[in-house]
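Before I ask anything, let me first share the structure, which is written out below as structure tokens.
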Amino acid sequence: MDWLFQADKEKLVILSHGLEGNSNKVYITNAAKYFQDHQYNVLAWNNRGCSGEENKTLKLNHHGETDDIHLIVNHAIRKYGFRKVYLMGYSLGGSITLNYVARKADILPKEILGAVAISTPCDLRSASHSLDERKNWFFKDLFFKKISKRVIGKELQFPNTFDVDKLKKVKSWKDFDNEFSAKLCGFKNSDDFYDNVSSLPHLPKIKVNTLILNAINDPILTEKCHPKEMVKSNKNLKLILTDHGGHVGFLERNHHHSFMERAALQFFEDNYDSHI
């Protein structure tokens, strides 16, 4: 856990990074500085195995993992007495954020007043298929190389858990999830993985004010990742779809910070403004 503290311990924003990211990613450090400048305490946490120190268990983080963030939120409140807590997650971190406020809706600390999920694959199955499209070779290659190293590292920690030779034969992202991601995360296969970690089916349970910010030109997200109908039926759920922004981008001319930070701050402060 990496912190930026204010003298006043009233407001805290908790930042959750994306797949194979960490608290040093530019989108995290930029957001941390932005919220610090606006008198927020900031906590950027690292998922299991993402801080530079390998996790000692076979279990890894995934889109549906909510126990770790719940532990961190409660730790922060107990130790420092924050009275207003806000959550902000990116991509995988967005999925964790949405799953957390949805699946643990009945036991969320009362101090959590809002959540923002950015570039979030609410429907992981369709996003996974999207990664196999030719246009996404960069993302697929990047994620594949990083997670492959993770698989090899886990095989060294826990011999005979995986057949790492299959890494050379994997062609599709679903095949990778079927052979490795599902096993690393405690699921039977890729379909079991997708069904149990996607946030989309759980969004109706959300009881705190929550914003999803996605870009239509995001190369990874599909139409199924934009829960337009659920927004209509759950007053606590808001959706902003921009024409541009890509995947965790949202850069703007004439602004030092991105639209992501500005939209999140306004949402937290104003509790949603349709003119964002």
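Under a point-charge model restricted to the Cβ atoms of Lys and Arg (+1) and Asp and Glu (-1), what is the dipole moment magnitude of the stretch 127-194 relative to its Cα centre, in debye to the nearest 20? Walk me through the numbers before you get to the answer.
Numbers: 15 positive and 11 negative charges, 59 e Å.
Computed charge dipole of the stretch 127-194: roughly 280 debye.
Could you name the aspartates and glutamates whose alpha carbon sits less than 15 Å from that of Lys11, not counting residues in the same chain fewer than 8 places away?
Asp37, Glu111, Glu269, Asp270
Let me ask something else. Taking the Cβ of each residue in Met260, Met88, Met230 as the centre, tally the other Cβ atoms inside 10 Å and list the residues starting with the fewest.
Ordered by Cβ neighbours within 10 Å, fewest first: Met230, Met260, Met88.
Exactly which trypsin sites (Lys or Arg not before Pro) in the stretch 194-276 are in a DSSP loop and have at most 10 other Cβ atoms within 10 Å?
Passing sites in the stretch 194-276 are Lys235, Arg253.
I'd like the antiparallel share, as a percent to the nearest 5, of DSSP beta bridges with both residues in the chain.
So the antiparallel bridges amount to about 10 percent of the total.
Per residue of the stretch 156-162, in order, report the coupling 6.51 cos²θ - 1.76 cosθ + 1.60 (Karplus, θ = phi - 60°) as ³J(HN,Hα) in whole Hz, putting x for Gly and Pro.
Coupling constants for the stretch 156-162: 5, 6, 10, x, 6, 7, 10 Hz.
Quick one: grab Rg to one decimal and Dmax as a whole number for the stretch 197-276, Cα atoms only, in Å.
Taking only Cα atoms of the stretch 197-276, I get Rg and Dmax of 13.0, 38 Å.
How big is the chain on each of its three principal axes, counting only the C-alpha atoms and giving the largest first in Å?
In descending order, the Cα extents are 52, 40, 38 Å.
Find, among the trypsin sites (Lys or Arg not before Pro) in the stretch 113-203, those assigned to loop by DSSP (not H, G, I, E, B) with at most 14 other beta-carbon atoms within 10 angstrom.
Lys169, Lys171, Lys188
Sorted from largest down, what three extents in whole angstroms do the Cα atoms of the stretch 173-243 have along their principal axes?
For the stretch 173-243, the Cα extents along the three principal axes come out at 38, 28, 15 Å.
Among residues other than Lys174 whose Cβ falls under 10 Å from its Cβ, what is the net charge (Lys/Arg +1, Asp/Glu -1)?
Once all neighbours under 10 Å are counted, the net charge is -3.
Taking θ = phi - 60°, what integer Hz values does the Karplus form 6.51 cos²θ - 1.76 cosθ + 1.60 yield along the stretch 238-249, in sequence order, with x for Gly and Pro?
Result, rounded to whole Hz: 10, 9, 10, 10, 9, 5, 10, x, x, 9, 6, x.
For the stretch 1-144, what D do you get in µm² per second when you plug the Kirkwood radius from alpha-carbon pairs into Stokes-Einstein at 25 °C and 0.890 mPa s?
Diffusion coefficient, whole number: 155 µm²/s.
Over the chain, what is the relative contact order in whole percent, taking alpha-carbon pairs under 8 Å and six or more residues apart?
So the answer I get is 20 percent.
Then there is this: Helix 92-103 against the longest principal axis of the chain: what's the angle in degrees, Cα atoms only, rounded to the nearest 10?
That works out to roughly 70 degrees.
Structure shown: which of Lys59/Lys188; Lys183/Lys205; Lys166/Lys188; Lys183/Lys207 lie over 24 Å apart, alpha-carbon to alpha-carbon?
Check vs 24 Å cut-off fails for Lys183/Lys205; Lys183/Lys207.
Which value in Å does the Kirkwood hydrodynamic radius of the stretch 127-194 take, with 1/r averaged over all unlike C-alpha pairs and then inverted?
Hydrodynamic radius (Kirkwood, Cα only) of the stretch 127-194 equals 12.3 Å.
In Å and whole numbers, how far do the C-alpha atoms of the stretch 98-218 stretch along each principal axis, longest first?
Answer, in whole Å and largest first: 47, 35, 21 Å.
With the dipole of the chain worked out from charges on the C-beta (+1 for Lys and Arg, -1 for Asp and Glu) around the Cα centre, which of Leu265, Gly249, Gly93 lies farthest toward the positive end?
Of Leu265, Gly249, Gly93, it is Gly93.
Among the GluC sites (Glu not before Pro) within the stretch 26-83, which fall in a DSSP loop and have no more than 11 other Cβ atoms within 10 Å of their own Cβ?
Glu53
A short reminder: the numbers here are calculations on the coordinates, not readings from a lab. Computed from a prediction, not measured in an experiment: that's the story for all the values here. Note that we place each Cβ from the backbone using ideal geometry, even for glycine, and neighbour counts take in every protein chain shown.
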